[in-house]
1. Return yes when residue 303 is over 29 Å from residue 236 (Cβ atoms) and open to solvent by 70 Å² or more (accessible area, probe 1.4 Å) and no when it is not.
2. Restricting the search to the stretch 73-113, which residues are open to solvent by 60 Å² or more (accessible area, probe 1.4 Å) and without any contact (Cβ under 8 Å) to a residue 24 or more places away in the chain?
3. Between a first residue in the stretch 287-310 that is of a type in the set (Lys, Arg) and a second residue that is at pLDDT 95 or above, which pairs have beta carbons less than 8 Å apart while being 6 or more apart in sequence or on different chains?
4. Specify the residue that is surrounded by the fewest Cβ atoms within 10 Å (Cβ to Cβ); the eligible residues are those in the stretch 266-286 that are in contact (Cβ under 8 Å) with a residue 40 or more places away in the chain, among the polar types (S, T, N, Q) and in contact with a strand residue (DSSP E or B) (Cβ under 9 Å, 6 or more places away or on another chain).
5. Only residues in the stretch 229-257 that are outside the structural domain of residue 60 (by the TED database) count as the first member; pair them with residues that are open to solvent by 50 Å² or more (accessible area, probe 1.4 Å) and part of a helix (DSSP H, G or I), Cβ under 6 angstrom, at least 6 apart or cross-chain, and list the lot.
6. Among the candidates 138, 121, 142, which residue alone is crowded, with 18+ Cβ neighbours inside 10 Å, β-branched (Val, Ile, Thr), part of a loop (DSSP other than H, G, I, E, B) and touching a residue at least 60 places away in the same chain (Cβ under 8 Å)?
7. Output yes when any residue across the stretch 150-158 is assigned to a helix (DSSP H, G or I), buried (at least 19 other Cβ atoms within 10 Å of the Cβ) and in the same structural domain as residue 289 (by the TED database), and no when none is.
8. Restricting attention to the stretch 8-28, does a residue exist that is of a type in the set (A, V, I, L, M, F, W, C) and either under 23 Å from residue 297 (Cβ atoms) or modelled with pLDDT of 85 or more (or both)?
Amino acid sequence: MCLFQVTARRLVSQAHCGLKASSSKKQKFCLEMARPSSNMADFREVFAKAKHIAIITGAGVSAESGVPTFRGAGGFWRKWQAQELATPGAFARNPSRVWEFYHYRREVMLSKHPNPAHIAIAECEKRLSKQGRSVVVITQNIDELHRKAGTKHLLEIHGSLFKTRCTSCGNVAANYKSPICPALAGKGAPDPDTEDAAIPVEDLPQCEEDGCNGLLRPHVVWFGEALDPGVLTAVEKELDICDLCLVVGTSSVVYPAAMFAPQVSARGVPVAEFNMEPTPATNRFRFHFPGPCGTTLPPALARHETEIIS
């Protein structure tokens, strides 16, 4: 599966429309055929037959739990947007400031809970597993709300707020301490007038591996960094075997994740998008359900009348 295949399919589709463009009625018919369906009954029939379901989730799912996205005009922490802090360069220049930012995000997340969309996904996975069917969640989110909801088969392509990686020995470890270190207690306030804490490096989170004491960093993928090749390989395997794909709460503009669902659609697998509004990829999918994911997703993933519950 590759970008060429996706592009080729689109070009063939466009050429087909062009061949039918001899009259405005035929052109209109072709354009209408390209529009995704919002018929829930049709989606439910596809869902009932699917054996391997891949669910790709983005920030829109977490936003309904009150999680700040740090995107758009109001997406600032103090004077900075996330892309100014979530970089290797920013951490090298000012690890204290970057840790304040992530400490704030960790503390916020400890007060947040999964919403109906997270819960619907986790309950669907649990129910279908008893029927010999599989559900995998491929998330761009780093908040672990899917894990909190009970999702087991989870691929976090951008890492997790609650994991750290040592900059010296490379050890990755789960870390749910609050605060993550004493020096960050009470720090990280997002207000624009807040002064940097300027915490010395030796007082920032340190590796607990024997004899290391290296500086820890959040185990998340920063701007300018490559995704974990092992995670990407696992994602590719899941997308290759899925027979239904859901895209939930994602803008479909962050690469490479933006190409996951279009690649699946290019090989003829039904893709259903659940999002507040259309995205650049919407017209490549078979279904589109507008509205809050916490409202649209639970009925979509509820038990189908044909399911046999033992």
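1. yes
2. 73, 74, 84, 92, 93, 111, listed by residue number.
3. Taking only residues 6 or more apart or on different chains, the pairs are 303/127.
4. Ranking the qualifying residues of the stretch 266-286, first place goes to 282.
5. Going by the 6 Å Cβ cut-off, there are no qualifying pairs.
6. The match here is 142.
7. Checked the stretch 150-158: no residue is assigned to a helix (DSSP H, G or I), buried (at least 19 other Cβ atoms within 10 Å of the Cβ) and in the same structural domain as residue 289 (by the TED database).
8. no
The values are calculated or read from the model by the stated rules, or taken from the named source; none is laboratory data. Source: prediction; values computed, not measured. Note: ideal-geometry Cβ built from the backbone for every residue, glycine included; neighbour counts use all protein chains shown. Note: areas computed on protein heavy atoms with side chains; ligands, DNA, RNA excluded. Shrake-Rupley method; radii C 1.70, N 1.55, O 1.52, S 1.80 Å.
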